[in-house]
Amino acid sequence: MHVIINCNTFNEYFTVFSLDLFSFCLLDKIFLTVCFSVGYSAVALNHVIDFKEKKQEIIKPVSPSELFPSLPIVQGTSKKIKVLTRLTLVVSDPSHCNLLRSTSANIRLYDIIAVFPKTEKLFHIACTTLDVDLVCINVTEKLPFYFRRPPVNMAIDRGIYFELLYTPAIKDSTMRRYTISNAISLMQICKGKNIVISSAAERPLELRGPYDVANLGLLFGLPEGEAKAAVSTNCRATMLHGETRKSACGVVYTVKKPRKVEEEETAVPACKKAKTQA
């Protein structure tokens, strides 16, 4: 169990980091003071399931009221901190994906659903068929496969976002090399679209502000605009994608139909046609 904190500092900017739940319960006052002093506005409790371990079942998310009897107020506003729940599934076999395809009542209770694919086949399945909000990219070791354009473009069209972690790059030089290498490989395919940069920090000292995270995005190969979006609008879009996944089966939108050339010619008055032809 981890705790994910979302930061909202400027233009809906927020970053993400995780902390062991037991440690968080012990240090909640100190941790929250550090977090919200820099403008954090939302908290997401992340439940991680790794199918490599013994058989695990998806449990109901922990009620925020059990952990936080009184929520602090966001700096500069009168709103209280927003508490979200997140489920992350680490999948290493196609059979593990059946859990997401099932209509489990407990899955629907989570605000954000993320999947961590370990193979190229599972990455393709996550991008094209699974009903998730985030696809986590491994940054602690060299990827065993190359990113391909069709599944990545399919995920972008479906509104799914790719999550990159920056804390491993801060803690270890070897993981820093893997983080930058894997991130650049992804950027060459997705061109910086639908990227969310998170921290997965276990201590407050590993947390970085949104401006620093945006600068790290430049190091990962993101353009300036996309680097800012990776810690702002893309994060908000991920939350909204989770809301629509829970509340709607589809989205209807209208597109203005372009007028054909023949229709434009028939719309021109006859007197103007005579003048143009003359």
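The values are calculated or read from the model by the stated rules, or taken from the named source; none is laboratory data. Small disclaimer: the values here were computed from a predicted structure and weren't measured. Positions of Cβ are generated from backbone atoms using ideal geometry, with glycine treated the same way; all protein chains shown enter the neighbour counts. Just the protein is used for accessible areas: all its heavy atoms, side chains included, with ligands, DNA and RNA removed. Shrake-Rupley method; radii C 1.70, N 1.55, O 1.52, S 1.80 Å.
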*HN-Hα J couplings of the range 182-187 from phi, Karplus 6.51/-1.76/1.60, θ = phi - 60°, integer Hz, Gly and Pro as x?*
5, 5, 5, 4, 5, 5
*Quick one: which residues, 5+ away or cross-chain, put their amide H under 5 Å from the amide H of Lys82? H built at 1.01 Å from N.*
Ala42, Val43
*Among Arg148, Arg245, what's the order by accessible area (1.4 angstrom probe), most exposed first?*
Arg148, Arg245
*Give the shape of the range 161-243 as rounded, prolate or oblate, defined through the alpha-carbon gyration tensor: a ≥ b ≥ c are the square roots of its eigenvalues, a/c under 1.5 means rounded, and otherwise the shape is prolate if a/b is larger than b/c and oblate if not.*
oblate
*Considering amide H positions built from the backbone, and no H for Pro or chain starts, which residues 5 or more places from Leu87, or on another chain, come under 5 Å of its amide H?*
His47, Ile112, Ile113, Ala114
*In order through the range 119-129: 3J(HN,Hα) via Karplus (6.51 cos²θ - 1.76 cosθ + 1.60), integer Hz, x for Gly, Pro*: 10, 5, 5, 5, 5, 5, 5, 4, 6, 9, 10
*Residue pairs, from the table Lys193/Lys228; Lys80/Lys228; Lys52/Lys121; Lys118/Lys142; Lys60/Lys246, whose Cα atoms sit over 20 Å apart*: Lys80/Lys228
*How much net charge surrounds Leu143 when only the other residues with a Cβ under 11 Å from the Cβ of Leu143 are counted, with Lys and Arg +1 and Asp and Glu -1?*
0
*Output ³J(HN,Hα) for the range 159-167: one whole-Hz value per residue in order, computed from phi by the Karplus curve 6.51 cos²θ - 1.76 cosθ + 1.60 with θ = phi - 60°, and x for Gly and Pro.*
x, 8, 10, 9, 9, 10, 9, 10, 4
*Once you have a ≥ b ≥ c as the square roots of the Cα gyration tensor eigenvalues for the range 92-172, tell me rounded if a/c is under 1.5, and otherwise prolate or oblate according to whether a/b is larger than b/c.*
prolate
